[in-house]
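Report on the structure given below.
What follows is calculated from the coordinates using simple rules that are stated; it is not laboratory data. Small disclaimer: the values here were computed from a predicted structure and weren't measured. Quick reminder, even Gly has a Cβ in these numbers, built from the backbone with ideal geometry, and neighbours come from all protein chains shown.
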Amino acid sequence: LHRMYQLLLILGVVLLPEGKFCSACYQCSSDDDDSCLTTECSSGSHCAAVRMTSYRGNEVDHMSSIRGCLPSTAQCLQGSFNYGYGRIVYNYRCCSTNLCNNQSAPEASLSPNGKKCFTCDAMGQNCDATLNCLGDEDRCISITVIHEGGMMLRQKGCASQEICETFFTPGSGGPGVEYECCQGDFCNSASSTSAGLLLSVVPLISLVLFS
């Protein structure tokens with residue numbers, strides 16, 4: 001769970017306006033405004049506030065709120081990946097004027113949106129349970145990872161469109177990894193053998209994002 005959590009602090013999909021940059025941003029690693037310092041940014045940076053939250057069931061397992069400079073080569077993303085017994089949500093608030101990141105990124109919605117997908121048990125064996133998608137999760141997702149020796153790990157659940165377009169593009173899973181994002185209730189059928197990227201990526205650390 002934490003491997004996926006750390007990765008999601010790095011990547012995004014919604015580009016900021018070109019040609020507008022910041023020379024100074026607030027920098028802090030909590031929601032406490034008093035702990036924020038002003039920092040100079042490298043050339044071509046934006047200001048950002050990032051909130052990453054992981055859940056086990058309905059309980060918050062880990063939350064990180066960070067503000068700082070974001071390199072112009074990075075991108076802003078908002079979305080979540082929900083696999084029933086766990087969920088990873090992240091919200092970026094990005095801007096392009098000095099010290100514009102004076103507020104923390106907002107917390108994610110936990111409200112059901114009416115969409116339903118299949119999900120698996122924690123062992124990835126039984127994948128016929130119903131999962132009610134939350135917030136902006138408008139896609140069903142199916143993940144299969146085949147390890148050496150033939151052991152297969154499956155995962156299914158809900159994801160937001162931006163998560164799918166960022167992490168689950170065709171061919172990005174690597175050897176032994178298959179995935180699919182689809183639209184429509186229960187489109188990730190219990191017999192599906194499609195899969196994703198998040199389970200196979202080496203974890204990165206959030207400090208890489210902020211220079």
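Tabulated data for the structure shown
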| item | result |
| --- | --- |
| Percent RCO, i.e. relative contact order, over segment 96-187, from Cα pairs under 8 Å lying at least 6 residues apart | 28 percent |
| Within straight-line cross-link reach of K20, aspartates and glutamates at Cα separation under 19 Å, skipping those fewer than 8 residues along the same chain | E40 |
| Cα-projected label distance for H62 with N102, points at 7 Å along beta-carbon direction, nm | 3.3 nm |
| Rough spin-label spacing in nm, given labels placed 7 Å along Cα→Cβ, for D34 and Q125 | 5.3 nm |
| Within straight-line cross-link reach of K156, lysines at Cα separation under 28 Å, skipping those fewer than 8 residues along the same chain | K115, K116 |
| For segment 77-95 versus segment 23-57, the gap between their alpha-carbon centres in whole angstrom | 17 Å |
